[in-house]
Amino acid sequence: EPEVTQTPSHQVTQMGQEVILRCVPISNHLYFYWYRQILGQKVEFLVSFYNNEISEKSEIFDDQFSVERPDGSNFTLKIRSTKLEDSAMYFCASTPWGDEKLFFGSGTQLSVL
Amino acid sequence: DQQVKQNSPSLSVQEGRISILNCDYTNSMFDYFLWYKKYPAEGPTFLISISSIKDKNEDGRFTVFLNKSAKHLSLHIVPSQPGDSAVYFCAASYSGGGADGLTFGKGTHLIIQP
């Protein structure tokens with residue numbers, strides 16, 4: 001069964017460093033998303049991406065964040081200068097039609113020290 | 001702001017019994033509701049959904065009930081099985097919002113005891 005793949009599964013970085021989280025969405029899906037979950041908190045929407053551009057972003061997704069689809073398969077989230085409060089599980093998701101039935105990857109646990 | 005609330009962080013149920021997971025919402029614009037299930041080290045997976053035009057939706061052992069006047073929904077699992085042990089997230093959306101407008105609760109950890 002096709003699945004969303006995320007790498008790495010764990011990422012430890014120093015505050016102020018740049019990190020890139022990688023995702024390979026399901027191949028025939030057209031809509032891509034990043035969500036995050038801070039420990040003990042709800043899963044929060046960060047950004048959606050369709051037709052090679054951001055279609056929606058939340059207040060969390062400030063200038064420190066960017067997304068890119070550098071080729072036909074990868075979808076990346078970059079955090080330019082990480083802060084302690086960026087520590088969270090980051091989930092990539094995709095859907096064929098932009099509906100709410102998301103297909104999630106297994107997540108990248110980001111720890112900022 | 002918690003627009004979707006799951007007030008029970010955990011729930012323990014004996015195998016074979018009914019599991020009832022609850023969810024409350026505050027935003028009256030929400031009209032589509034979903035439950036996701038998450039195992040450790042995996043991402044959430046879609047389980048079942050319900051539109052606000054219905055008050056019940058059933059899929060095998062899983063049934064979701066919606067009470068719009070109370071802004072409350074619940075997920076019933078009958079009978080509960082060991083493989084049902086997971087974190088269950090309630091999520092809500094509104095017309096035209098798609099996944100962009102999806103708001104999740106904090107989750108309830110369901111533990112099925114043998």
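Here segment A:43-68 is scanned for amide nitrogen atoms under 19 Å from the site 7 Å beyond the Cα of residue B:11 along Cα-to-Cβ, giving A:43. Its relative contact order, with pairs defined as Cα atoms under 8 Å and 6+ residues apart, puts chain A at 39 percent.
Take each residue of peptide B:44-56, count the partner chain Cβ atoms within 10 Å of its Cβ, and average: the result is 2. With contacts taken as Cα pairs under 8 Å at a separation of at least 6 residues, chain B carries a relative contact order of 37 percent. Per-atom-type breakdown for chain A gives carbon and sulfur 48% of the accessible area (1.4 Å probe, protein chains only). In segment B:54-109, with Lys and Arg counted as +1 and Asp and Glu as -1 at Cβ, which of these residues, B:80, B:66, B:99, has the Cα nearest the positive end of the dipole, that is, farthest along it? Toward the positive end, the furthest listed residue is B:66. Residue by residue, segment B:65-75 carries 3J(HN,Hα) couplings of 10, 10, 10, 5, 5, 8, 6, 9, 9, 9, 10 Hz when phi is fed to the Karplus relation 6.51 cos²θ - 1.76 cosθ + 1.60 (θ = phi - 60°); x denotes Gly or Pro. For segment A:3-113, the solvent-accessible area works out to 50 Å² per residue, with a probe of 1.4 Å and every protein chain left in place. Ranking A:82, A:97, A:13 by Cα position along the charge dipole of chain A, where only Lys, Arg, Asp and Glu carry charges on their C-beta atoms, puts A:13 farthest toward the positive end.
Spin-label pair residue A:53-residue B:41: with each label point 7 Å from Cα along the Cα-Cβ axis, the two points sit 4.2 nm from one another.
Of the cross-linked pairs A:78/B:106; B:5/B:56; A:42/B:37; B:5/B:38; A:42/B:54; B:71/B:106, those separated by over 23 Å at the C-alpha level are A:78/B:106; A:42/B:54. Phi-derived couplings, Karplus 6.51 cos²θ - 1.76 cosθ + 1.60 at θ = phi - 60°, listed residue by residue for segment A:56-68: 7, 9, 8, 5, 5, 6, 8, 5, 6, 9, 8, 10, 8 Hz, with x used for Gly and Pro.
The values are calculated or read from the model by the stated rules, or taken from the named source; none is laboratory data. Bear in mind the structure is a predicted one, so any value in this text is a computation, not a measurement. Don't worry about glycine lacking a Cβ; one is built from the backbone with ideal geometry, like all the others, and counts go over all protein chains shown. Quick note on the areas: whole protein, heavy atoms, side chains included, nothing else; ligands and nucleic acids left out. Shrake-Rupley method; radii C 1.70, N 1.55, O 1.52, S 1.80 Å.
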